[in-house]
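The structure appears below as C-alpha cells.
Please treat every number below as a calculation from the coordinates, not as lab data. Remember, predicted model here, so these are calculated numbers, not experimental data. A quick note on method: Cβ atoms are made from the backbone with ideal geometry, for glycine too, and the neighbour counts reach across all protein chains shown.
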Amino acid sequence: MRNFSTWLLACFMVMFWVFRIMVALMAQLHQNFFITPFDETMEIILLFVVLVCLVLIVKRKMAGALIYLFAYGMYFGSDLATKLSALFEDASQLGLNDYTALIISLIGIILPIAILLDLLADKNRKAHPKDKKTDWFYKNEAYDRKLDERADKNNYRTL
C-alpha cells in the first residue's frame, strides 16, 4: 500500500464498516437511528465478511476486493434498484429516510467498485514498474544511437 489513494480507500472502507456496526448495534438495541438495516441477520454476517475482506484488501489480494464487491452488491444492490425505480416513478412518495438509505446504498456500491479499480490499477503498476534510475536512459529515444556506425561493436546499452 504505497499510494495515497489506496490508503484513502482503505480508511473510508473502515469508516463505512464502523458506520454499519453502529447501524446494526442500534437495530439490535431497538434504538432510533436515522437508518435501519435492510436485514439484521444479513447485516451481522456481512460485518464479519467485510472484516475478512478488509484484511485481504490491505494485503492487496484480488479475492478480497471481489468478495467485497459481491457481498455489498448483493446487499445494497437490491435496495438501490428499488429506491431508484421509486425515485424515477414518483419522487414525492419518498421521505427523508428513503433518500438517506438511497445515499448509503449508493456509497455501499461505489466503494467496492473504487477499491476493485484501485487494486486493478495497482496490479498494472506492479507488472510494469518504473525505475527512475534507469528509465531515463533505456526508455528515452533521444539517447539511442541509431546512426552510430560502431553500434555493433559498442556495448553502450545492455538489455
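Structural remarks
- Among residues other than ILE45 with Cβ under 12 Å from its Cβ, the summed charge is -2 (Lys and Arg +1, Asp and Glu -1).
- Here the mean projected area of the convex hull built on the C-alpha positions of segment 4-131 is 8.9 nm².
- The residues packed around ILE104, meaning those with a beta-carbon under 13 Å from its beta-carbon, carry a net charge of -1 if Lys and Arg are +1 and Asp and Glu are -1.
- Other residues whose C-beta falls under 15 angstrom from the C-beta of HIS30 contribute a net charge of -2, scoring Lys and Arg +1 and Asp and Glu -1.
- Modelled this way, with points 7 Å down the Cα-to-C-beta line, the labels at LEU84 and ALA27 are 2.2 nm from one another.
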